[in-house]
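K.L.:
Sharing a structure here in structure tokens format.
The values are calculated or read from the model by the stated rules, or taken from the named source; none is laboratory data. Fair warning: this is a prediction, and the values are worked out from it, not measured in the lab. Using ideal geometry, Cβ is built from the backbone for each residue, glycine included, and neighbour counts are taken over all protein chains shown.
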Amino acid sequence: MKQINALLSYKQTLAPFVLIIGMAVSASCIQGAEPIRISSLEELDRYAGESGNTIIMQPGLYAVSDYLPLETMSERRERGELQFLSFSGSDNVFHLNGVTIEVDTALRQALRAPIHNPEFIVSGDDNEIIGLNITTVGNGTSAAGELLRISGDRNTLRDCAFWVQGSFPYGYGDLFGKGGSPVIHHRKHSGVLITGESATLIGCRLFMRSYGHGYFIQGGNNHYFEDCYVEGVMRSTDDMLAETSGPAYEVEFRSEYRNRDGEHRVTPGYMKSLAEDGFRTYSQAENLTFINCTARYMRGGFELRTQGGVHVENSAAIGCERGFWVSSDAQVINSRGDARYGPLLFLEGDNATVELELLPEETNMTVHGLATIHGSGHNVVIRPAGDENRTLPVPILVAYSQPGAGEAMSPYGRRPARNLTLINETTMPVIIAAQAENCTIITRGPVEENEGRDITIATP
């Protein structure tokens with residue numbers, strides 16, 4: 001009996017180690033398992049819902065309408081199947097190089113999903129998706145939603161590309177409102193939304209041909225972007241005002257935002273992005289990193305107003321309505337942008353560090369400021385990129401706030417600016433408003449106005 005008890009005790013002691021070894025062997029088998037090769041959306045849909053696999057898909061063009069015909073959309077809506085493809089499994093690697101998924105936007109319109117639903121979703125955890133291309137065709141619209149949402153945790157997109165279209169009205173940007181009581185109700189179509197934790201996007205490209213955001217964050221922390229690109233389209237208000245039919249003409253070009261004449265009307269002389277922001281935060285997300293990223297022809301290049309710490313390095317905002325809009329504790333270093341259609345910088349909050357190069361490109365479009373700066377404790381350096389050849393003077397505005405909703409044709413306000421250091425190595429002028437206090441301004445360009453208190457002004 002003693003021997004039997006001893007044996008049982010030994011087995012009970014050994015059991016946890018056997019379980020651990022078994023788990024390790026199982027994990028090793030999964031990691032060492034042969035990749036699964038597929039060649040259809042039906043197979044991709046199946047394995048996207050499983051876990052622990054490596055999937056290799058045959059390159060080619062795959063039309064969603066071939067897998068999910070238009071006539072099936074009403075049944076999918078009734079069943080609550082509101083995505084065309086859901087990556088709900090975890091611990092998968094998808095090798096999709098050369099794979100293009102084509103979405104006819106007529107499917108979105110027929111599906112009639114409720115507002116804020118994506119067409120594709122990554123809801124599982126710890127997945128890596130490599131080389132996927134998704135393109136949209138047609139001009140079907142639906143309630144505001146995005147092409148792709150990452151709601152799971154620790155997911156990675158690598159070398160993916162997305163083409164987004166299908167919104168109404170398209171061609172006017174945000175002039176007719178974004179929410180609340182708009183002049184024209186929008187049906188938006190955005191790009192990539194992140195709501196989970198610790199998403200990583202590397203080498204991804206996003207082409208916006210619809211009204212909506214590019215990459216935008218509405219939840220989670222610790223997101224990392226590297227070598228990512230987003231591109232929209234610009235259009236002049238003069239071109240809009242020349243229309244003799246269409247949605248803008250029908251509302252007599254009435255804008256949601258008040259212009260500098262106090263009128264709610266589209267004003268000539270400005271350039272508008274037909275999309276929204278390139279890289280955008282909504283929540284107070286923490287620990288966000290953007291390395292070597294570019295936004296081109298977007299409303300805001302990098303609108304990262306979270307106060308949880310943002311690091312932007314070696315990144316560029318090119319031809320946007322506004323380049324960088326950041327807040328407390330942000331770090332923007334070794335980055336650059338132009339001011340051809342609007343300000344290079346909007347800065348608010350406290351204790352940000354900003355080092356930007358001003359690119360020389362300029363146009364005859366109306367631009368009211370190179371930068372507006374308010375808050376406290378900021379350290380700002382603006383220098384020319386190479387040999388400066390910008391000729392049109394655009395002022396750096398200290399103790400000025402951004403215009404309402406950031407709209408370029410709306411007037412700037414005034415806000416306190418305290419204990420900040422501005423080093424202006426360009427020849428652009430500086431204007432200091434009355435609520436500036438205890439600031440150091442080192443500038444190569446002239447100080448055209450100084451209404452502040454305890455302002456130290458020097459040349460570099």
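K.L.:
Does R205 qualify as being within 12 Å of the chain's Cα centre (by Cα), surrounded by fewer than 21 Cβ atoms within 10 Å (Cβ to Cβ) and touching a residue at least 40 places away in the same chain (Cβ under 8 Å)?
P.N.:
yes
K.L.:
Restricting to region 30-82, name every residue that is touching a helix residue (DSSP H, G or I) at 6+ places or on another chain (Cβ under 7 Å) and either farther than 20 Å from A106 by Cβ or touching a residue at least 60 places away in the same chain (Cβ under 8 Å) (or both).
P.N.:
I36, I38, L41, E42, G52, N53, I55, M57
K.L.:
Between S283, S245, which is of a type in the set (S, T, Y), out of contact with any strand residue (DSSP E or B) (no Cβ under 9 Å at 6 or more places or on another chain) and not in a helix (DSSP H, G or I)?
P.N.:
On the way: S283 fails: out of contact with any strand residue (DSSP E or B) (no Cβ under 9 Å at 6 or more places or on another chain).
None of the others qualify; the one that does is S245.
K.L.:
Here is a check on your reading of the model: is F84 touching an Asp or Glu at 6+ places or on another chain (Cβ under 9 Å), crowded, with 18+ Cβ neighbours inside 10 Å, closer than 22 Å to G140 by Cα and of a type in the set (F, W, Y)?
P.N.:
yes
K.L.:
Right, here's the next one. In this structure, is F324 free of Cβ contacts under 8 Å to residues at least 60 places away in the same chain, of a type outside the set (D, E) and either in contact with a Cys (Cβ under 7 Å, 6 or more places away or on another chain) or in a strand (DSSP E or B) (or both)?
P.N.:
yes
K.L.:
With (1) closer than 27 Å to I130 by Cα; (2) of a type in the set (S, T, Y); (3) surrounded by 18 or more Cβ atoms within 10 Å (Cβ to Cβ) as the list, and Y224 as the residue in question, which single condition is left unmet?
P.N.:
(3)
K.L.:
Could you tell me whether any residue of region 240-251 is more than 18 Å from M208 (Cβ to Cβ), out of contact with any Ser or Thr (no Cβ under 6 Å at 6 or more places or on another chain), charged (D, E, K, R) and surrounded by 15 or more Cβ atoms within 10 Å (Cβ to Cβ)?
P.N.:
No, because not a single residue in region 240-251 is more than 18 Å from M208 (Cβ to Cβ), out of contact with any Ser or Thr (no Cβ under 6 Å at 6 or more places or on another chain), charged (D, E, K, R) and surrounded by 15 or more Cβ atoms within 10 Å (Cβ to Cβ).
K.L.:
Another question, if that's okay. Any idea which of E321, E313 is of a type in the set (D, E) and surrounded by 19 or more Cβ atoms within 10 Å (Cβ to Cβ)?
P.N.:
Just a single option satisfies the conditions, and that option is E321.
K.L.:
Oh, and also: Is there a residue in region 398-413 that is of a type outside the set (D, E) and under 19 Å from P460 (Cα atoms)?
P.N.:
Initially, region 398-413 is screened for residues of a type outside the set (D, E), giving 398-406, 408-413.
Going one step further and asking which of them are under 19 Å from P460 (Cα atoms), we end up with 398.
Yes.
K.L.:
Could you tell me which of the residues T440, T427, T421 is in contact (Cβ under 8 Å) with a residue 12 or more places away in the chain, surrounded by fewer than 17 Cβ atoms within 10 Å (Cβ to Cβ) and touching a His at 6+ places or on another chain (Cβ under 9 Å)?
P.N.:
Working: T440 fails: touching a His at 6+ places or on another chain (Cβ under 9 Å); T427 fails: touching a His at 6+ places or on another chain (Cβ under 9 Å).
None of the other options fit; the residue is T421.
K.L.:
Moving on. Every residue in region 428-439 that is under 24 Å from G337 (Cα atoms) and not in a loop (DSSP other than H, G, I, E, B), please.
P.N.:
Scanning region 428-439 gives V430, I431, I432.
K.L.:
Taking helices (runs of 4 or more DSSP H) that fall entirely within region 33-148, which contain at least 2 residues that are at pLDDT 95 or above and of a type in the set (D, E)?
P.N.:
The helices (runs of 4 or more DSSP H) meeting that bar are 41-48, 73-79.
K.L.:
Checking the conditions here, which among I184, I150 is more than 21 Å from Y282 (Cα to Cα) and β-branched (V, I, T)? Please lay out each step first, then the result.
P.N.:
Details: I150 fails: more than 21 Å from Y282 (Cα to Cα).
Within the list I184, I150, the selection yields I184.
K.L.:
Can you work out which of the residues in region 265-285 that are modelled with pLDDT of 95 or more, over 18 Å from T363 (Cβ atoms) and not hydrophobic (A, V, I, L, M, F, W, C) is surrounded by the most Cβ atoms within 10 Å (Cβ to Cβ)?
P.N.:
Looking at residues that are modelled with pLDDT of 95 or more, over 18 Å from T363 (Cβ atoms) and not hydrophobic (A, V, I, L, M, F, W, C), I get G278.
K.L.:
Looking at L132, L85, can you tell me which residue is under 20 Å from I150 (Cβ atoms) and touching a Cys at 6+ places or on another chain (Cβ under 6 Å)?
P.N.:
Of the residues listed, the single one that is under 20 Å from I150 (Cβ atoms) and touching a Cys at 6+ places or on another chain (Cβ under 6 Å) is L132.
K.L.:
Follow-up. Looking for whichever is surrounded by 18 or more Cβ atoms within 10 Å (Cβ to Cβ), under 14 Å from the mean Cα position of the chain (by Cα), not in a strand (DSSP E or B) and not hydroxyl-bearing (S, T, Y) here; the options are G196, G212. Which one fits?
P.N.:
Going through G196, G212 in turn, just one is surrounded by 18 or more Cβ atoms within 10 Å (Cβ to Cβ), under 14 Å from the mean Cα position of the chain (by Cα), not in a strand (DSSP E or B) and not hydroxyl-bearing (S, T, Y): G212.
K.L.:
Among the residues of region 238-253 satisfying the criterion of being touching a residue at least 40 places away in the same chain (Cβ under 8 Å) and either of a type in the set (S, T, Y) or in contact with a Gly (Cβ under 9 Å, 6 or more places away or on another chain) (or both), which is nearest to G301 (Cα to Cα)?
P.N.:
Going residue by residue through region 238-253, those that are touching a residue at least 40 places away in the same chain (Cβ under 8 Å) are 240, 246-248, 251.
Those still in the list that are either of a type in the set (S, T, Y) or in contact with a Gly (Cβ under 9 Å, 6 or more places away or on another chain) (or both) too: 240, 246-248.
Details: M240: 22, G246: 28, P247: 27, A248: 25 Å.
Within region 238-253, the match that is nearest to G301 (Cα to Cα) is M240.
K.L.:
Checking L359 against (1) out of contact with any Phe, Trp or Tyr (no Cβ under 9 Å at 6 or more places or on another chain); (2) among the hydrophobic types (A, V, I, L, M, F, W, C); (3) closer than 25 Å to I194 by Cα, which single condition isn't satisfied?
P.N.:
Looking at each condition in turn, L359 falls short on (3).
K.L.:
Give the residues of region 119-128 that are closer than 21 Å to Y229 by Cα and surrounded by fewer than 24 Cβ atoms within 10 Å (Cβ to Cβ), sorted by residue number.
P.N.:
Those that are closer than 21 Å to Y229 by Cα and surrounded by fewer than 24 Cβ atoms within 10 Å (Cβ to Cβ): F120, I121, E128.
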